[in-house]
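Below: one structure, written as structure tokens.
The values are calculated or read from the model by the stated rules, or taken from the named source; none is laboratory data. Here the structure is a predicted model, which is why all the values come from computation and not from measurement. Cβ: placed from backbone, ideal geometry, glycine included. Neighbour counts: every protein chain shown. These accessible areas exclude ligands, DNA and RNA; they are computed on the full protein's heavy atoms, side chains included. Shrake-Rupley method; radii C 1.70, N 1.55, O 1.52, S 1.80 Å.
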Amino acid sequence: MTIKSELVRDLLAIKAVQINPEAYFTWTSGIKSPIYCDNRLTMSYPKVRVKIVEAFVEMMEELNVKPDVIAGCATAGIPHAAWLSARLGLPMVYVRSKPKGHGKGNQIEGELHDGQNVLVIEDLISTGGSSIESAKAIRAAGANVISVFAIFTYGLKKSVMNFENTDIPFRTITNFDALLEALIEDGKLDSSKKAELLEWRERL
């Protein structure tokens with residue numbers, strides 16, 4: 001079993017990803033969803049977070065351009081960016097959702113220089129809004145965003161369109177489809193429920 005296939009089961013085991021087709025969750029946006037993802041829980045599980053870092057390293061090795069800097073999206077992307085940058089021996093910055101309202105008014109914390117290649121780390125991609133805004137801030141600072149990496153994505157059409165419209169590549173360790181396949185393989189979901197869940201996503 002690969003790290004990626006292990007991780008989707010790890011996320012389920014620690015309840016970082018929960019799925020309930022019978023009682024929908026309500027996201028911050030107000031969307032009713034059969035799935036809820038809180039990857040902040042991975043911070044409390046050292047073995048899981050090590051796997052996440054190793055999966056990011058594997059993904060990074062497939063990039064044509066290697067990063068000079070690792071950037072974490074505030075707030076949940078910050079710890080994973082820190083662990084990855086330590087693993088690689090690279091500098092790290094983090095990006096606020098908006099410039100700080102006092103002091104120097106920074107949106108990017110840490111040293112970032114013109115022309116540096118930056119890998120952006122996020123914990124979750126739903127519509128892609130927060131990571132895209134972080135990438136735009138990095139570009140505005142004169143650096144290059146080579147990719148956005150995240151742990152999980154719901155695979156919403158809107159997220160794919162948003163990344164395409166801003167010409168920002170992104171990849172995730174695992175996703176909604178892999179989650180459903182793992183649940184089917186483990187006998188925790190039947191094919192009719194899988195079809196229902198996929199139909200829910202297509203409606204968004």
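Values for this structure:
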| item | result |
| --- | --- |
| Electrostatic dipole magnitude of the chain [Cβ: Lys, Arg +1; Asp, Glu -1; Cα centre; debye, to 20] | 580 debye |
| Calculated FRET efficiency for the pair Ile184/Met43, C-beta based, R₀ 25 Å, to 0.05 | 0.30 |
| Ratio Rg/Rh, restricted to the chain and using Cα atoms, in which Rh is the Kirkwood radius | 0.98 |
| Exposed-site-free run, longest, the chain (rule: GluC sites (Glu not before Pro); DSSP loop; at most 16 other C-beta within 10 Å) | 112-204 |
| Over segment 152-204, relative contact order from alpha-carbon pairs under 8 Å, at least 6 apart, % | 44 percent |
| For segment 1-125: relative contact order, % (alpha-carbon pairs under 8 angstrom, 6 or more apart) | 21 percent |
| Segment 57-204 - percent relative contact order, Cα under 8 Å, separation 6 or more | 19 percent |
| For segment 83-158, Kirkwood radius (reciprocal of mean inverse C-alpha pair distance, Å) | 13.3 Å |
| Among the listed pairs Lys47/Lys136; Lys4/Lys194; Lys47/Lys98, those beyond 27 Å (Cα-Cα) | Lys47/Lys136; Lys47/Lys98 |
| Segment 99-204 - charge dipole about Cα centre, Lys and Arg +1 at Cβ, Asp and Glu -1, debye rounded to 20 | 340 debye |
| Coil-residue trypsin sites (Lys or Arg not before Pro) of segment 1-79, DSSP, other Cβ within 10 Å capped at 15 | Lys15 |
| Residue-normalised accessible area of the chain, expressed per residue, 1.4 Å probe, Å² | 49 Å² |
| Shape of segment 1-94, Cα gyration tensor, a/c cut at 1.5 | prolate |
| The chain: calculated mean residue ellipticity at 222 nm from DSSP helix runs of at least 4, using -39500 (n - 2.57) | -12500 deg cm²/dmol |
| With Cα atoms, 0 to 90° folded angle of helix 191-203 axis to the chain main axis | 40 degrees |
